[in-house]
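Data block below; observations after.
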Amino acid sequence: MSILILLVALALWGVVHSFLASHFAKDMIPAKIGSMDVYRLGYNIFAVISFAPILYLMRTLPDRMLYQIASPWNILMFGGQLLAAVLLLVAVLQTDTLSFVGLRQLFEKEKSGALVTRGLYRVVRHPLYTFGLLFIWLTPTVTQNTLTVYIGATIYTLVGAYFEERKLLRDFKEVYAEYKRKTPMLIPGMIFGKK
């Protein structure tokens with residue numbers, strides 16, 4: 001039953017999160033509130049707060065241990081998580097961080113962002129997803145509930161990346177198409193459909 005409850009909670013969160021990230025919501029909601037300035041910041045705050053109940057359910061629903069990696073291997077996994085967290089931070093810093101969070105829009109008119117292809121974005125197109133997924137999958141202790149959330153988060157990330165790619169192709173056209181041909185999506189060195 002815990003698995004079903006977690007999957008339903010993840011699905012609901014994913015639908016709401018995806019809707020709020022859509023062009024439709026970005027056009028409709030600011031028109032209702034009269035400003036686009038706070039949308040990105042509000043979206044980010046809402047995404048974090050609305051995910052908190054899933055973490056609560058993950059910790060409080062009936063659960064069972066699936067595996068626990070013993071020492072010294074767990075130390076290597078923690079080290080991998082630390083590296084993933086650092087690289088995640090680096091990837092965020094390689095974007096326009098203030099715009100990414102939604103703070104720049106409070107002080108300046110929002111303008112179209114530039115396509116970032118330097119740094120970690122030269123290695124993979126979505127380093128935030130790559131290192132976020134790496135971080136969760138290197139957890140040395142996994143229960144039924146954490147595995148359910150990790151699988152759900154991975155599926156949501158992959159589906160989200162697909163739709164984000166479509167949006168980026170619309171926004172940046174041939175520039176993004178060329179970047180997509182040269183740069184792997186999530187795993188360095190792994191390009192599918194290369195001609």
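Looking only at residues of segment 142-159 that are hydroxyl-bearing (S, T, Y) and in contact (Cβ under 8 Å) with a residue 40 or more places away in the chain, we find that the one that is nearest to G132 (Cα to Cα) is Y156. Of the residues screened, L120 is one that is at pLDDT 95 or above and not in a loop (DSSP other than H, G, I, E, B). For segment 56-80, the set of residues classified as within 28 Å of L12 (Cα to Cα), assigned to a helix (DSSP H, G or I) and in contact (Cβ under 8 Å) with a residue 24 or more places away in the chain consists of L57, M58, R59, listed by residue number.
When you scan segment 90-98, do you find a residue that is in a helix (DSSP H, G or I), among the polar types (S, T, N, Q) and in contact with a Leu (Cβ under 9 Å, 6 or more places away or on another chain), even just one? Yes, because at least one residue in segment 90-98 is in a helix (DSSP H, G or I), among the polar types (S, T, N, Q) and in contact with a Leu (Cβ under 9 Å, 6 or more places away or on another chain). Residues being touching a strand residue (DSSP E or B) at 6+ places or on another chain (Cβ under 7 Å), surrounded by fewer than 16 Cβ atoms within 10 Å (Cβ to Cβ) and not basic (K, R) are represented in segment 125-141 by at least one member. Taking the condition at pLDDT 95 or above and either surrounded by fewer than 15 Cβ atoms within 10 Å (Cβ to Cβ) or assigned to a strand (DSSP E or B) (or both), does I45 pass? No.
Hey, can you tell me all the residues within segment 4-20 that are modelled with pLDDT under 95, crowded, with 16+ Cβ neighbours inside 10 Å and of a type in the set (G, A, S)? If the condition is that a residue be modelled with pLDDT under 95, crowded, with 16+ Cβ neighbours inside 10 Å and of a type in the set (G, A, S), then G14 is the only one that fits.
Against the criterion of being part of a helix (DSSP H, G or I), buried (at least 18 other Cβ atoms within 10 Å of the Cβ) and modelled with pLDDT of 95 or more, T148 qualifies.
When you check Y162 against the structure, is it of a type outside the set (A, V, I, L, M, F, W, C), assigned to a helix (DSSP H, G or I), in contact with a Ser or Thr (Cβ under 8 Å, 6 or more places away or on another chain) and without any contact (Cβ under 8 Å) to a residue 24 or more places away in the chain, yes or no? It is false that Y162 is of a type outside the set (A, V, I, L, M, F, W, C), assigned to a helix (DSSP H, G or I), in contact with a Ser or Thr (Cβ under 8 Å, 6 or more places away or on another chain) and without any contact (Cβ under 8 Å) to a residue 24 or more places away in the chain. So T154 fits all but one of (1) buried (at least 16 other Cβ atoms within 10 Å of the Cβ); (2) within 17 Å of the chain's Cα centre (by Cα); what number is the exception? Going through the list (1) buried (at least 16 other Cβ atoms within 10 Å of the Cβ); (2) within 17 Å of the chain's Cα centre (by Cα), T154 breaks only (1).
The values are calculated or read from the model by the stated rules, or taken from the named source; none is laboratory data. From a predicted model like this one, the values you see are computed outputs, not experimental measurements. Don't worry about glycine lacking a Cβ; one is built from the backbone with ideal geometry, like all the others, and counts go over all protein chains shown.
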